Amino acid sequence: MRAIITILAVVALGSVPLWLRDPYLLNALITTGIFVIGAMSLNLLLGFTGQLSLGHIAFFGIGAYVSALTSLGFDIGLPGDFRLVHAPWPPIAGFVLAILVAGLCGYFVGLLSFRVRGAYFVIVTISFAEVVRLVALNWVELTQGPLALTNIPSIALPLPGFGELTLRTKFHNYYLVLVVALIAYLLIARLVHSHFGRAMRGLMENETLAVSVGIDVTRTLTIAAVISAAIAGAAGSLYAHYIRIIDPEVFAFINTVTMVIMVISGGKGSLAGPVVGGLIFGLLPVALRPVMAPEAQWIAYGGVLIAILFVLPRGIVPSLAQRLIRRRSRTTALAPVALPETGAKEPA
């Protein structure tokens with residue numbers, strides 16, 4: 001049943017550019033899809049290991065900057081009158097490097113920060129994101145600082161025998177984001193349903209018991225952090241090549257908060273939760289903009305979030321699934337039970 005629902009959802013999303021002619025709405029869907037990928041990567045940590053990272057946007061921004069600089073090239077000075085010169089590479093190479101570098105950063109951050117828990121882990125992740133933001137802001141020779149990196153080339157896919165397809169239009173970018181989101185979804189689904197996924201859930205539910213049966217806490221959480229950071233880096237790369245301009249504001253704390261809202265409202269620990277929450281809270285500002293002033297939009301945004309968490313405290317997807325299961329159980333319990341025939345005749 002879940003597989004059928006997933007296939008129908010993919011088909012429905014895939015048909016959108018065929019009938020949606022409004023470029024503004026299509027742009028909103030593309031940027032929302034990119035942040036949904038980021039929310040899915042955050043859900044791997046928050047929903048399946050129980051670790052709240054409020055610096056997750058750092059990996060998104062690292063992916064964006066790595067991909068942009070790889071495709072633009074750079075020339076920076078090094079100590080000792082040396083210079084590091086990098087000629088522009090194809091954007092697809094930047095996309096791959098963004099995944100690798102973001103995953104490597106996730107490894108080092110996870111290796112250091114997973115030795116602490118709770119509020120200490122949150123502080124470490126926030127601090128890491130702020131350090132990366134300050135580097136992007138102040139290393140002007142490399143990142144252009146507040147002036148931003150501009151004219152970032154669009155991703156081009158090689159087509160053997162036909163040259164390459166440059167994904168400049170919204171139509172092309174919509175399907176690119178959809179394909180990457182689908183790959184990320186399937187990868188996370190395969191991971192959480194594996195032995196490694198059961199180890200992650202075990203750590204979240206009872207770390208002491210998980211350690212007693214031989215689960216390596218630091219190793220498990222670090223691998224989860226690497227995969228989560230790599231997916232966030234892929235989302236950042238898509239963002240940079242679609243928007244084609246990137247500045248230190250990509251590391252803004254509100255972007256992490258947006259991802260957390262998508263995960264919590266949709267239902268942390270569920271595969272479809274970040275997708276549902278992301279679509280709602282990614283497109284809600286678009287729906288509110290024509291009818292509300294900017295200040296009122298934030299009030300309505302917060303009101304919708306509070307209403308969802310009040311009515312569906314576990315998030316949209318888990319709460320609705322739980323209610324559906326209860327309804328089916330109640331229907332089965334109330335269904336009439338046919339008595340077996342015994343062959344005895346009723347008394348006259």
GNM top mover of 63, 267, 80 - the chain, alpha-carbon springs below 10 Å: 80
Counting only protein heavy atoms and a 1.4 Å probe, tell me what percentage of the chain's accessible area is made up of carbon and sulfur. 70 percent
Of (1) 22.1; (2) 21.0; (3) 20.5, which is the value of Kirkwood radius over Cα pairs in Å derived from the coordinates here? (1)
In a GNM of the chain with a 10 Å cut-off on Cα contacts, which of 120, 185, 175 has the highest mean-square fluctuation? 120
FRET E, pair residue 131, residue 208, Förster distance 25 Å, beta-carbon r, rounded to 0.05: 0.15
Given the options 19, 89, 139, state which has the largest fluctuation in a GNM of the chain using a 10 Å cut-off (strictly under) for Cα springs. 19
Cα axis of helix 119-138 to longest principal axis of the chain: angle in degrees, 0 to 90, nearest 10? 30 degrees
Can you find, among 5, 275, 64, the residue farthest towards the positive end of the dipole of the chain? Put +1 on the C-beta of Lys and Arg, -1 on that of Asp and Glu. 5
So what's the gap between the Cα centers of region 203-237 and region 1-55, to the nearest angstrom? 22 Å
I'd like the distance between the alpha-carbon centres of region 72-126 and region 302-331, rounded to an integer number of Å. 39 Å
Ordering of 195-202, 218-225, 276-283, 30-37 by burial proxy (mean other Cβ atoms within 10 Å per residue, highest first): 30-37, 276-283, 218-225, 195-202
Measure nothing but the geometry: give the 0 to 90° angle between the long axis through the Cα atoms of 217-243 and the longest principal axis through the Cα atoms of the chain, rounded to 10°. 60 degrees
Need one number: nm distance between label points at residue 140 and residue 283, each 7 Å from Cα along Cα→Cβ, rounded to one decimal. 4.3 nm
Distance between modelled label sites at residue 191 and residue 171, nm, 7 Å Cα→Cβ extension: 3.4 nm
Estimated FRET transfer efficiency (residue 2, residue 310; beta-carbon r; R0 22 Å; 0.05): 0.25
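The values are calculated or read from the model by the stated rules, or taken from the named source; none is laboratory data. Since the model is a prediction, treat every value here as computed from it, not as a measurement. Methodologically, a virtual Cβ is constructed for each residue, glycine included, from the backbone with ideal geometry; neighbour enumeration extends over all protein chains shown. Keep in mind that these areas ignore ligands, DNA and RNA; they rest on the heavy atoms of the full protein, side chains included. Shrake-Rupley method; radii C 1.70, N 1.55, O 1.52, S 1.80 Å.
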